[in-house]
1. So which of A:160, A:168 is part of a loop (DSSP other than H, G, I, E, B), more than 14 Å from chain B (Cβ to nearest Cβ) and within 26 Å of residue A:196 (Cβ to Cβ)?
2. Of all the residues that make up the range B:78-92, how many are within 11 Å of chain A (Cβ to nearest Cβ), free of Cβ contacts under 8 Å to residues at least 40 places away in the same chain and either out of contact with any helix residue (DSSP H, G or I) (no Cβ under 6 Å at 6 or more places or on another chain) or over 18 Å from residue B:145 (Cβ atoms) (or both)?
3. Any chance you could count how many residues in the range A:196-236 are within 11 Å of chain B (Cβ to nearest Cβ), surrounded by fewer than 19 Cβ atoms within 10 Å (Cβ to Cβ) and not in a loop (DSSP other than H, G, I, E, B)?
4. Of the residues that sit in the range A:148-157 and are within 14 Å of another protein chain (Cβ to nearest Cβ) and in contact (Cβ under 8 Å) with a residue 60 or more places away in the chain, which one is surrounded by the fewest Cβ atoms within 10 Å (Cβ to Cβ)?
5. Could you check residue B:130 against (1) over 14 Å from the mean Cα position of the chain (by Cα); (2) not in a strand (DSSP E or B) and say which number it fails?
6. Here is a list: A:546, A:610, A:575. Which entry is buried (at least 24 other Cβ atoms within 10 Å of the Cβ) and under 20 Å from residue A:351 (Cβ atoms)?
7. When you check residue A:800 against the structure, is it more than 22 Å from residue A:282 (Cα to Cα), in contact with a helix residue (DSSP H, G or I) (Cβ under 7 Å, 6 or more places away or on another chain) and crowded, with 19+ Cβ neighbours inside 10 Å, yes or no?
8. Would you say residue A:727 is surrounded by 19 or more Cβ atoms within 10 Å (Cβ to Cβ) and closer than 30 Å to residue A:249 by Cα?
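The values are calculated or read from the model by the stated rules, or taken from the named source; none is laboratory data. Keep in mind the model is a prediction, meaning the values are calculated, not measured. Every residue, glycine as well, gets a Cβ built from its backbone with ideal geometry; the counts of neighbours run over all protein chains shown.
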């Protein structure tokens, strides 16, 4: 582990030599002396130090003697210099440190028995280590607790003013929500402006607080650290794959903690490029759904009197009987299955195996169909890579980051810290193309405001700018001149007037952005729902690949095209082949050899490929009566898809609707059978995060009442259907996956990927490219006049899908407000007050609701969170299905707003 | 015993048998004890005086003003070697900033009466009493809950206090009141915070 200067880890610095306790040590100049000492394995106490930010030097514990200095020196703020003679041990130093502890303790209340940090408190440890037993002149501050903020309480009596919370908020999170504040003679840590906290509530301040000064409202006073069982698992909300410790006592989850804590404060600053170990608000405070009272405890069967609980034995018997009857009567293709990407890899694998081998249909799909498949299919098609091309470290160390159609701080808060670190530590230039003034756009060096929903045209404009300005990479384009000529011809057909009119980005702005991107040695493109979940998402990703290719960024190390998936295991769902066109390992289902390989391994014959059996097609077949039985695992299409897709009709039409979910969802209420499944906290398995890293999910609790892990239900169903699936544990499934996909787990490290676009560029590219840059149909002028507002239905930081709406902690932070968010100027123009009801009308109908101001929205745009259907704003959107991938786009529409 | 081993003469044996010598010896002891004070007690009619340091059933105590001493710190649970204590704590809704035990269980069937929990308690909320008669036909009665523990504490408050004095944990003078702190407002005379 190489030591790096503290402030900028990548700077080249001369090597120096110094002596620590008589041992010669080599290091780089400019490094904090504390870092040098901790590198040698010696631990000096330090309460205000944490490796993720610059040394602060407030606690006065890290004292060392430096030859030539009379008094002890604080090693954290001292720079290591050549020839230094340092002594870290000795009675004088011990006494000096003891004095520092006593100084803190004189103003610290001795309320350890009631403090939540009792037993997990650095000051307590230090007092014990240094034998502080007698305090003269103890003067506790006697301050009231600051309870103004949501989630966090600040008890300034206990604060030792180490500043760790302020530093991590400022340096790592770049939120800067906390500050020191002097009030009536004492210094406090307060939220900016001495008001309630307005921040992202990541809780990193809580994690690094070495005493109990910051406490968590949701678990305050209900635990002591030694009462809790700690289970390390992976967060099930987004695809960042954060590691977390679920701390439980008995059957209840008491709190969630992160690897980031004051306890592991020693580390290499350069290592934070891969992640700092923290969590976001969802992971840390959104655990209440796990032991929620709303959980399903028994299988339910719909009878005339409503749902009746039945035993597993009866229910499975009935389900298997009905499935068998449907299969014999209508053939295997009368059965279809949908699964959520919040299941583990093992479950996803087993589900598609159950559908294909035991039932004999390839009508399977997962929630990766809502967007991520647009990206993986396009990248697989163009470059032979089926996931994000860059990992966290490459994102952190990029020179230029181009963010298109992603509100990364909201959807993937921990991944956004990599972008923030790129800005702060590595000095990256960041271009954020967005219609909203998002948090990342506020930090970006080059914010690029665009019209709402115009990401796809912006990408075309960027490609056009790159080609026209000759910002092309010779080596990349000359290898396949025909492809480049075809691209040139295609972009020549686009007119700047039309592009500017649609995107609101002038040619100059596009050229500036693309010049920055093209000239950087390491440039990374990040996109997300604004591209993959929109109309023409597949083509847009391919256009992004074009941009990377012509500028020579497709195959160069440290560069690439990436799309952030939404749910925890969307990448795993694609990798496990839970899509009608894919097999495990992203082998194409249409590929005869791959099918034979899996058919042999599974000892069955696989059904013939059905290229159109995607989510929307499955629902259509349900409506047409061709599908008689639908097996939904954790999926809730009724609450997700707009009503215009006929989803309700489809679900009501099927003879047998099986819903397997931890909760009784909207879709579940229509089901004939509801099977209780477990949440991730009761499961064993793995999640694949956005980098392709496979993270372990460990059971922290016993399954809730009669609920069972999904894989157990699949195995039991398969066996009952006459296809033996005998697995004792999730590890047995894992072993099977390992055999079929060697290297998939790869010890939890993402395998490096290299793009191989040559085949695509030589063959097929010329045929396709013209269509991708064809002038898309635009809205008519009358339509613009009638429906002037662009409505985006999107994610907010405090929620993930519909699942988080079951977590009471997150609902406290962000309840279902039922308000349409609009720009304050628009509100003023329409003369809308907080109590006024508006009618929002789209081509698909209208909804009446109240409005609320959101300063981040541009004029002429409005926003509604997609986590809530109160009122059903989702039904306003048009659903457009991608012709290639079958991905439904239903998150954006144009509306008229009138005051009632 | 050695003299007994030597063989008795036949004449002696005959004389002993005729004069009922064994019965005489036995009666002598019995008659002698009729006039001696007995060493045993006629339990349960009579009861032994129990020393103050005796480790009997545990009880929870209140302050003189009736507030619960226990702050739900769970140190007793941590100290218990037989793991018979379970504390569930929460914030006190009436007094913000203070914590109390919502539930408190001691499984007295598992308790080894070591007294560590009393020693660990920072507020002297737990004490051992002289109560030892809690036998029951229903084993569930032997898991003492919070209510039962406070009842024991109330009933045996004097014994409990003497236990604490005997173990040098609480003194009956004003100086040692500092040691018996109430949490947390009473620490160094703080005023309770105003809830905003």
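1. Going through A:160, A:168 in turn, the sole match is A:160.
2. Residues flagged as within 11 Å of chain A (Cβ to nearest Cβ), free of Cβ contacts under 8 Å to residues at least 40 places away in the same chain and either out of contact with any helix residue (DSSP H, G or I) (no Cβ under 6 Å at 6 or more places or on another chain) or over 18 Å from residue B:145 (Cβ atoms) (or both) within the range B:78-92 amount to 6.
3. Within the range A:196-236, residues that are within 11 Å of chain B (Cβ to nearest Cβ), surrounded by fewer than 19 Cβ atoms within 10 Å (Cβ to Cβ) and not in a loop (DSSP other than H, G, I, E, B) number 3.
4. Among them, the one singled out is A:153.
5. Of (1) over 14 Å from the mean Cα position of the chain (by Cα); (2) not in a strand (DSSP E or B), only one is false for residue B:130: (1).
6. Exactly one of A:546, A:610, A:575 is buried (at least 24 other Cβ atoms within 10 Å of the Cβ) and under 20 Å from residue A:351 (Cβ atoms), namely A:575.
7. Against the criterion (more than 22 Å from residue A:282 (Cα to Cα), in contact with a helix residue (DSSP H, G or I) (Cβ under 7 Å, 6 or more places away or on another chain) and crowded, with 19+ Cβ neighbours inside 10 Å), residue A:800 does not qualify.
8. So residue A:727 fits the description; yes.
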